[in-house]
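First up is the structure itself, then whatever we jot down about it.
The values are calculated or read from the model by the stated rules, or taken from the named source; none is laboratory data. Everything quoted here is computed from the prediction, not taken from an experiment. Every residue, glycine as well, gets a Cβ built from its backbone with ideal geometry; the counts of neighbours run over all protein chains shown. Just so you know, the surface numbers come from the protein's heavy atoms only, side chains and all, with ligands and any DNA or RNA stripped out. Shrake-Rupley method; radii C 1.70, N 1.55, O 1.52, S 1.80 Å.
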Amino acid sequence: MELINRILSEMTLEEKVGQLNLVTAGQAVTGPVANGDMTENIRAGFVGGVFNLWGRDAVRAAQKLAVEESRLSVPLFFGLDVLHGHRTIFPVPLAEAGAFDVELWGRTARAAAVEAAADGIDLTFAPMLDVARDPRWGRIVEAPGEDPLVAAEFAAAKVKGFQGEGLSAQGSIAATAKHFVGGGAALAGREYAAADISERTLHEVYLPPFAAAVAAGCAAIMPAFNSVAGVPMTAHAELLRGYLRTRLAFEGVIISDYTAVPELVQHGVAADLVEAAALALKAGIDVDMVSGAYLHGLPQALERGLIEETDIDAAVRRVLTLKRNLGLFENPYRRLDASEAATCDHGALALEAARRSITLLTNRDILPLPADVRRIAVVGPLADARAEMLGPWYAAGRAESCVTILEGLRAALPAREIRHHPGVAIEGDDCSGVDAACALCATVDAVVLCVGESAGMSGEAASRASPGLPGRQREFAEAILATGAPVIAVLSSGRPLIASWLIERARATLATWLLGDMAGKAVADVLTGRFNPTARLAATWPREVGQIPIFYATRSSGRPPDAGNPFTSRYLDIPTEPLFPFGHGLSYAQVQLYNLRTNVERFEIRDDAELEVRVDVANRGTIATEETVFLFVRDPVASVARPAMELKAWAKSFLDAGAAKTTVFTLSIESFSFPGKNMQRRCEPGAFEILVGLNADPKTLRSIRVEAVPTPNPQA
Ligand code: GLC
């Protein structure tokens, strides 16, 4: 701390607020404005960090300016959005979440960190931990899905993967848990829109992933653009200082989102930039991204008496501590000296991750492709779409590194006749290619129909009010279906697509999301059966857009849906059930669960209580398989209305053909607890239902009841 105190004591006010100023170098464009040339400000000590800049020479040159030409030689930190890979691009988070594989999530983050660090990156603006339950919202692609437990496990795995054995390690980068909090609940799924979330839902759903990230030691947190119940997150002192700093004892740096500080004026809570800067600093924002509001506004806020210099000092101290922990004072070029990434090839990991992120939604006896399927038409605008496979946040990824679906199939089936035609573009009105594509399908044994979204149709500022197939793809797909050839639909997208009309008519449908570098190889491996699909939906798949938001953990109604009773919570025009529930996904095996049991029927409410749940899993199929078994808990009677059920654990079961194994879950008292009236977690006495199955469809779950009993009163 001596170093930090010394530097702080020598800093002018301008140099202090300079440390709180994060500028974009513009090598990637991730926001509405740019900072222009930053050279003079770096020399003057008015820049604390730079993002959207990577590459050894460029980073070294910028760091040299700060270290050799500024008065106090305080090194910069370098940030970038490394969401799902740096140079090697892995599947988008919504896809990878479907692997339900904590170890894989950590390994891809570790690989990304090594590659990013070697390019001079010290900090990533990831993992993105917004619980997302609205496919209209483009950022669902960056999220680990709809469930808070999945998001919490994802958070911990990614933070540990990025940060490795410690921030100062050459191959480690600081993780930034984002966006704190509630962006996924934006009004009508519209990006940046206000979110109205009850305190209870905040504590049950949106806050737990960030608690997990903090517990895993994440170095930074980025508040969300949106407001929650009328308070913009960039000015939300209660959640930033009250919850993060006090309840979670988070000591890291809080970095605003892109120009979010001055946007407090548009939110209607600050009259001008100076007030916005003061409000943000007092609420707990340490670093101002891009806007210059801190650099230019905080000195004036000080003059107006809106803040104290000690408020600024506290923020500067946290930034300097982050730089010290990153090892930048010892060696400002430490990551650039790493040669590890130069030799690392993460292609095999990219293929493994892509394979394990593909969800087989339906299969009517056509997959894996049988040997007598000799002539295949691979049609559609996503068949040979290289850049789209990268997804919207691809850091230093390159389209030329991606294997397209067509390339993957041709490489996997060299002896088959594989024809190709795009048919239509991803968007636009040109249908001139439809007839030619249909003609290809007239004499084939199977059609692989590759449709979906471009990489830019999901991610930030990419909400879609009608999240179906864009452009004239539906017309095209209808024409392909009309040829009568067996159609395998391959959906490449950043969200669950509203495409029931296609899914119900295709012989099989795969959700392949946006799989990164090895997309085509992975899709071919699943279609040919070289890889048995194992992914499960991390987000519910709606039947119609009118059902959105739709997710499994809904609170019951006093009149639950009953198709036979008009006076219940239902629609006149469509079923209330989704097209596919959370956790849905087929494999090429047939698995059965039976003999659900617990070690006790009742347990005492104690911190050390443990309940063992066992279920037998049998593979009735003809190939080995990996299945994900989910365990939910239902609390039928409590002091507040609880969600219909909540995911409390999942486990993998690896089964050879014909084999059977027992899957064992060990539940703690935490699995039966929830935020009580004061939002402090508690377990209440009473009956609970444990539900186990292969997805969240209540009709398919096996259940057993247990009872939580108060600990006997020792005085009694
Ligand atoms: C963007 C995004 C945020 C990202 C930041 C820096 O606006 O909201 O997720 O980390 O700017 O690129």
- prompt: Of the residues Gly45, Gly49, which is modelled with pLDDT of 95 or more and more than 16 Å from the ligand (Cβ to nearest atom)?
  reply: Gly45
Qualifying position, being in the same structural domain as Glu115 (by TED's automatic domain parsing) and open to solvent by 10 Å² or more (accessible area, probe 1.4 Å), among Leu248, Leu244: Leu248
Of all residues making up the range 438-469, the number that are surrounded by fewer than 20 Cβ atoms within 10 Å (Cβ to Cβ) and in a helix (DSSP H, G or I): 2
message: All but one of (1) under 26 Å from Leu94 (Cβ atoms); (2) away from the ligand (no atom under 16 Å from the Cβ); (3) in a helix (DSSP H, G or I) hold for Gly217; state the number of the condition that does not hold.
response: (3)
- line: Scanning the range 421-455 residue by residue, those out of contact with any helix residue (DSSP H, G or I) (no Cβ under 9 Å at 6 or more places or on another chain) and hydroxyl-bearing (Ser, Thr, Tyr) turn out to be Ser432, Thr443
query: In the set Ala315, Ala301, Ala277, which member is within 17 Å of Phe77 (Cβ to Cβ) and in a helix (DSSP H, G or I)?
result: Ala315
message: Restricting to the range 126-153, name every residue that is within 16 Å of the ligand (Cβ to nearest atom) and in a helix (DSSP H, G or I).
response: Gly138, Arg139, Ile140, Val141, Glu142, Ala151
- prompt: Which condition breaks for Phe225 when tested against (1) part of a loop (DSSP other than H, G, I, E, B); (2) open to solvent by less than 10 Å² (accessible area, probe 1.4 Å)?
  reply: (2)
Among the candidates Ala112, Ala99, Ala61, Ala95, residue that is crowded, with 19+ Cβ neighbours inside 10 Å, assigned to a helix (DSSP H, G or I) and away from the ligand (no atom under 15 Å from the Cβ): Ala95
- prompt: Any idea how many residues of the range 322-333 are open to solvent by 30 Å² or more (accessible area, probe 1.4 Å) and not in a loop (DSSP other than H, G, I, E, B)?
  reply: 2
message: Please go through the range 257-281 and give me each residue that is open to solvent by 20 Å² or more (accessible area, probe 1.4 Å) and more than 15 Å from the ligand (Cβ to nearest atom), ordered by number.
response: Val265, His267, Gly268, Val269, Ala271, Asp272, Leu273, Glu275, Leu279
message: Please determine whether any residue of the range 256-266 is outside any loop (DSSP other than H, G, I, E, B) and in contact (Cβ under 8 Å) with a residue 60 or more places away in the chain.
response: no
message: Condition check: within 14 Å of the ligand (Cβ to nearest atom), closer than 30 Å to Thr359 by Cβ and open to solvent by less than 10 Å² (accessible area, probe 1.4 Å). Does Val82 satisfy that?
response: yes
query: In this structure, is Thr483 touching a helix residue (DSSP H, G or I) at 6+ places or on another chain (Cβ under 9 Å) and open to solvent by less than 50 Å² (accessible area, probe 1.4 Å)?
result: no
- line: Expected single match for buried (at least 20 other Cβ atoms within 10 Å of the Cβ) and within 16 Å of the ligand (Cβ to nearest atom) among Val23, Val33 is Val23
message: Can you say whether Ala657 is among the aliphatic types (A, V, I, L, M), part of a loop (DSSP other than H, G, I, E, B) and more than 27 Å from Arg200 (Cα to Cα), as far as the supplied structure shows?
response: yes
- prompt: Looking at this structure, is Ala44 over 19 Å from Leu80 (Cβ atoms) and open to solvent by 20 Å² or more (accessible area, probe 1.4 Å)?
  reply: yes
- prompt: Leu295 fails exactly one of the following numbered conditions: (1) open to solvent by less than 10 Å² (accessible area, probe 1.4 Å); (2) part of a helix (DSSP H, G or I); (3) hydrophobic (A, V, I, L, M, F, W, C). What is the number of that condition?
  reply: (1)
Residue identified as out of contact with any Leu (no Cβ under 8 Å at 6 or more places or on another chain) and open to solvent by less than 60 Å² (accessible area, probe 1.4 Å) among Gly380, Gly397, Gly408: Gly408
All positions within the range 481-530 that are part of a loop (DSSP other than H, G, I, E, B), touching a residue at least 12 places away in the same chain (Cβ under 8 Å), closer than 18 Å to Gly380 by Cα and not aliphatic (A, V, I, L, M): Thr483, Pro486, Ser493, Gly494, Arg505, Arg507, Thr512, Trp513
